[in-house]
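The values are calculated or read from the model by the stated rules, or taken from the named source; none is laboratory data. Quantities reported herein were computed from a predicted structural model and do not represent experimental measurements. Glycine also receives a Cβ, built like all others from the backbone with ideal geometry; neighbour counts cover every protein chain displayed. Accessible surface areas use protein heavy atoms only, side chains included; no ligands, DNA or RNA. Shrake-Rupley method; radii C 1.70, N 1.55, O 1.52, S 1.80 Å.
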Amino acid sequence: MESFDREVISLLYTTDDWVDLYQLHEMKLLSPGQLASTLLMLMKDGLCEIEGMSARLTAKGRDWVFSKRKEIFLVAARDWARKTSQNPQSIDRDEPYLPDLSRLDVNFFLKRP
């Protein structure tokens, strides 16, 4: 699950009413493709419904988000924190640490607060 999926699911879960997709696009700086990808994934399993330019979670979707909250928001959000190897190499104290950039979500740095 991508970081933009978590953003959309979080916003849909925090409101009981319909969410305007254009406002979601503007507020979270998500592309229409990212929104469509997430919403189609949720619709496929009957977790959300779309009417015009608005979307909301179904009762089944709210239950699903609540039951999967750790996998969605905690575990998956920290993929970058896992160790890259079993035997980490020690580095000199003055040497800068560089993370394994291949494990970072590229879209994470494209978002603005």
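Among all residues of the range 45-65, there is none that is in a helix (DSSP H, G or I), of a type in the set (Phe, Trp, Tyr) and in contact (Cβ under 8 Å) with a residue 24 or more places away in the chain. In the range 1-17, the residues that are open to solvent by 80 Å² or more (accessible area, probe 1.4 Å) never reach a residue that is of a type in the set (Val, Ile, Thr) and part of a loop (DSSP other than H, G, I, E, B) with C-beta atoms less than 9 angstrom apart, at least six apart or across chains. When Asp94, Asp63, Asp79 are screened for being modelled with pLDDT under 75, of a type in the set (Asp, Glu) and out of contact with any strand residue (DSSP E or B) (no Cβ under 8 Å at 6 or more places or on another chain), only Asp79 passes.
Matching residues to (1) out of contact with any helix residue (DSSP H, G or I) (no Cβ under 6 Å at 6 or more places or on another chain); (2) under 22 Å from Asp105 (Cβ atoms); (3) in a helix (DSSP H, G or I); (4) among the charged types (D, E, K, R):
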site: Leu12; (1), (2), (3), (4): yes, yes, yes, no
site: Asp16; (1), (2), (3), (4): yes, no, no, yes
site: Gln23; (1), (2), (3), (4): yes, no, yes, no
site: Met27; (1), (2), (3), (4): yes, yes, yes, no
site: Leu30; (1), (2), (3), (4): no, yes, no, no
site: Gln34; (1), (2), (3), (4): no, yes, yes, no
site: Ser37; (1), (2), (3), (4): yes, yes, yes, no
site: Leu42; (1), (2), (3), (4): yes, yes, yes, no
site: Glu71; (1), (2), (3), (4): yes, yes, yes, yes
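Within the range 39-60, the set of residues being surrounded by 15 or more Cβ atoms within 10 Å (Cβ to Cβ) and in contact with a strand residue (DSSP E or B) (Cβ under 8 Å, 6 or more places away or on another chain) comprises Leu39, Leu42, Met43, Leu47, Cys48, Glu49, Ser54, Ala55, Arg56, Leu57, Thr58.
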